[in-house]
1. Taking N as the number of residues in the range 82-130, what is its Cα Rg relative to 2.2 N^0.38 Å?
2. At 7 Å along Cα-to-Cβ for each site, give me the label-to-label distance between L39 and A22 in nm.
3. Roughly how large, in nm² to one decimal, is the mean projection of the convex hull of the alpha-carbon atoms in the range 16-172?
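We did not get these values from a lab; they are worked out from the coordinates using the rules stated. Owing to the predicted nature of the structure, the values given are computational and were not obtained by experimental measurement. As a convention, Cβ positions derive from the backbone with ideal geometry for all residues, glycine included, and neighbour counts pool all protein chains shown.
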Amino acid sequence: MFSLSMILHSLAAVSPATLAGALAVAVNCAWPLQRDRRLILGLQCAGSTLFGLHYLLLGAPTASAMCVAGVMQGASAALLSSRRLRIGIFAATILAGLATTIATFSGATSVLAQTGALLSASGRLQRQAQSIRWCFLASEVFWVSHNIMAGSIWGLTSDTLGVTMLLAGLWRGRTQGGRLFGLLPEGAHMPVLKFPHIKLVRHAAA
């Protein structure tokens, strides 16, 4: 009972922003290694919800709004079969995000959050898991910069672990089809790095 009470006391002392950030980190570390597209999108929605709460409690409204838009995009991408309807919802959330950015503009952090959100939205529209990873890896460049400026320790923790997991996922699925913003044709395979085998040849003594 003593140890349980100590744990409960410690949890009670944790700020809501810290708790939401810690849970978001745990969720965001899981999705890059998944192979099922719907599971990836579902975990992204959970992580975006938690980070939206985290940023709101930190006083970063633009980032919080981008997370809410991400939840709507992820849910529509996972549940709707009509591509036109999905694109329509994405367009609406992007326009709403731009309006929110203007209304809550706070300098460079707003621009970084908006750009990162746009790249993430591109990832959610991809049909292949590998393509999703590439787009989210690109978005991390802007989210890392945002979290440094916003002073989000948990955001930076998530970025560090997220980039690591994304790189691991990209390497793991390197033989799968994938593209970044349509630069490669759908179904094309990413180049596989092959290292030549080094053979040691023992020469007979003359």
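1. Computed over Cα atoms of the range 82-130, the ratio equals 1.28.
2. 2.6 nm
3. Orientation-averaged projected area of the Cα hull: 7.7 nm².
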